[in-house]
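We did not get these values from a lab; they are worked out from the coordinates using the rules stated. Just so you know, these numbers come straight off a predicted model, no measurement behind them. Cβ atoms come from the backbone with ideal geometry, glycine included; neighbour counts cover every protein chain shown.
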Amino acid sequence: MTLALSINGRIRQVQAGLSDTLLTVLRDQLLLTAAKRGCNQGVCGACTVLIDGRPQRACLSLAANCEGAAITTLEGLQRDASMARLQKAFAATGAVQCGFCTPGVLVSAHALLSHNADPRTDEIRAGLSGNLCRCSGYRKIVDAVAEAAKEAKP
Amino acid sequence: MSVPGFHRPKSVEDAARLLAETDGARCLSGGATLVAMMNASLAEPKAIVSLAGIPELAGIAELANGGFRIGAMTRHAATAGDARLAGTLAVLRDAARQIANPVVRNMGTIGGSIGFADPAADYPPALVAANAEVEIANAAGRRRVAARDFFVDWYTTACGPGEFVTGVYLPPPRPGAGLYKKLARVSGDFAIASVALSAAKDANGVSIRIAVGGCGPRPIRADAADALLSAKFGDAAAAAAAGEALAAAADPVDDVRASAEYRRLVIPRLVAETVAHARAALEAR
């Protein structure tokens, strides 16, 4: 059945059944593949997107329940200055290894910096605690977020 | 536009009617539990009643008596961040801020969590220690059940078929301390064992409520433990005796996180640590 979802500022018509998640719709219909299907259990964080401005799990969100919500994926943050700083810092710092977790980490880091512009190391670690990196490259990820915050200072 | 079988009612009454009259329907709150189970093919609801469109279920409201009502759809992040839950009620905030991670705390709700009633979850012992009541709705109306009676068995609550949690009632906060200590393999994991404690302090002395999580089919409590701690709060021997009473009342099992034997050993130590921290918090006031 057809649903109208607000995704990255545009209303998109999608087909969804009762058990289809937002992640399935994003990846398989809209070909917005930044959000990854990792565990599909809400544990790994690879599917993290913004729903009404807050980072949430696309894999735990039923598509039918997302009507009326404003959904922002990593693709929708491509012209965002804070995201650009994060992406540059991730590349420069070597925070991307296999890259599978990176989109989810970037969305969580973006949300963290939007309400805490100058986080301490422990605050960065807590802010990213819902995102697993199976390459275990956490140290450089934390360094990259700190670097992006530093870059944002006037 | 709609998906067959998906309902998003605007009132508790409509939701209760839909649940009662729809075969195989399940309630959806934040999705952190139900959708995960659907993705794992452990739940295949024929119909879903989303509670997301019911305004009265969202948020924390102060009551005329000075207590609070936490709506069932209130996210863990909102509960963790509400400074009005102070004194003895701080036990609930302390539990909420230790659930999972920031992203899950933006999704998960108090109604969904306690309705699922995983005994290793963080809210069940905290609600018992806070002396909370759980509000349940059905097609005929609403009723309230004390938290200590709401949790019945493993993943089983006082909710019957066609019933769902609509909120949690907290008594007025009393001056004192409330805290939640969780022993887990990593931060944000389910508890191997946890201790929730509320300590009310006034001119007449100290009154303690304590409950243990993760160590049996439902939150573990013992009248003897509350009485021992209330009579001699901060006394090491009383804390040890209370810990032994709670360990004796526990009914732990072996699972991937720890053995039953380990849990029995660790309860008194976690109780002693929690009491020491609560005493320090009271003295710092």
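For residue B:201, list the aspartates and glutamates whose Cα falls under 20 Å from its own Cα; do not include residues on the same chain fewer than 8 positions away.
Correct list for residue B:201: B:94, B:223, B:226, B:235, B:273, B:283.
Given +1 on the Cβ of Lys and Arg, -1 on the Cβ of Asp and Glu, and no further charges, what dipole in debye does chain B carry about its Cα centre, rounded to the nearest 20?
580 debye
Give a residue-ordered list of calculated ³J(HN,Hα) values for region B:269-285 (Karplus: 6.51 cos²θ - 1.76 cosθ + 1.60, θ = phi - 60°; whole Hz; x for Gly, Pro).
With coefficients 6.51, -1.76 and 1.60, one gets 5, 5, 5, 4, 5, 5, 4, 4, 5, 5, 5, 4, 5, 5, 5, 6, 5 Hz.
May I ask you to evaluate 6.51 cos²θ - 1.76 cosθ + 1.60, the Karplus curve with θ = phi - 60°, for each residue of region B:90-102 and list the ³J(HN,Hα) values in order in whole Hz, giving x for glycine and proline?
4, 4, 6, 5, 5, 5, 4, 6, 9, 6, 6, 8, x
Compute the signed sum of charges (Lys and Arg +1, Asp and Glu -1) over the other residues within less than 13 Å, Cβ to Cβ, of residue B:186.
Summing Lys and Arg as +1 and Asp and Glu as -1 gives +3.
Measure out, as a whole number of angstrom, how far apart the alpha-carbon centroids of region B:173-248 and region A:84-114 sit.
41 Å
How large is the dipole of chain A about the Cα centre if only Lys and Arg carry +1 and Asp and Glu carry -1, each at its Cβ, rounded to the nearest 20 debye?
The dipole magnitude comes to about 280 debye.
Which peptide among A:8-21, B:115-128 comes first, and what is the full order, when sorted by highest mean count of other Cβ atoms within 10 Å?
Ranking the peptides A:8-21, B:115-128 by packing returns B:115-128, A:8-21.
Within a 10 angstrom radius of each residue's Cβ in B:3-16, how many Cβ atoms of other chains show up on average? Whole number is fine.
Mean partner-chain Cβ count within 10 Å for B:3-16: 3.
Count, for each residue of B:95-107, the Cβ atoms from other chains sitting within 10 Å of its Cβ, then give me the mean as a whole number.
6
Would you kindly derive the ³J(HN,Hα) couplings of region A:95-108 from the backbone phi angles with the Karplus curve 6.51 cos²θ - 1.76 cosθ + 1.60 (θ = phi - 60°), listing them in order in whole Hz, with x for Gly and Pro?
7, 9, 9, 6, x, 5, 7, 4, x, x, 4, 4, 5, 5
Let me make sure I get this right: for region B:176-283, a, b and c are the square roots of the gyration tensor eigenvalues over alpha carbons, sorted descending. Under 1.5 in a/c it's rounded, otherwise prolate if a/b > b/c, else oblate. Which is it?
Prolate, because a/c is 1.5 or more and a/b exceeds b/c.
So if I take the centroid of the Cα atoms in region B:19-95 and the same for region A:120-138, what is the distance between those two points in Å?
27 Å
Rounded to the nearest 5, what % of DSSP beta bridges with both residues in the protein assembly as shown are antiparallel?
Just about 85 percent of them are antiparallel.
Which whole number gives the average, over all residues in A:19-28, of C-beta atoms from other chains lying within 10 Å of the residue C-beta?
2
Run the dipole for the protein assembly as shown about the Cα centre, Lys and Arg Cβ at +1, Asp and Glu Cβ at -1, nothing else charged, and hand back the magnitude in debye, nearest 20.
Computed about the Cα centre, the dipole is about 940 debye.
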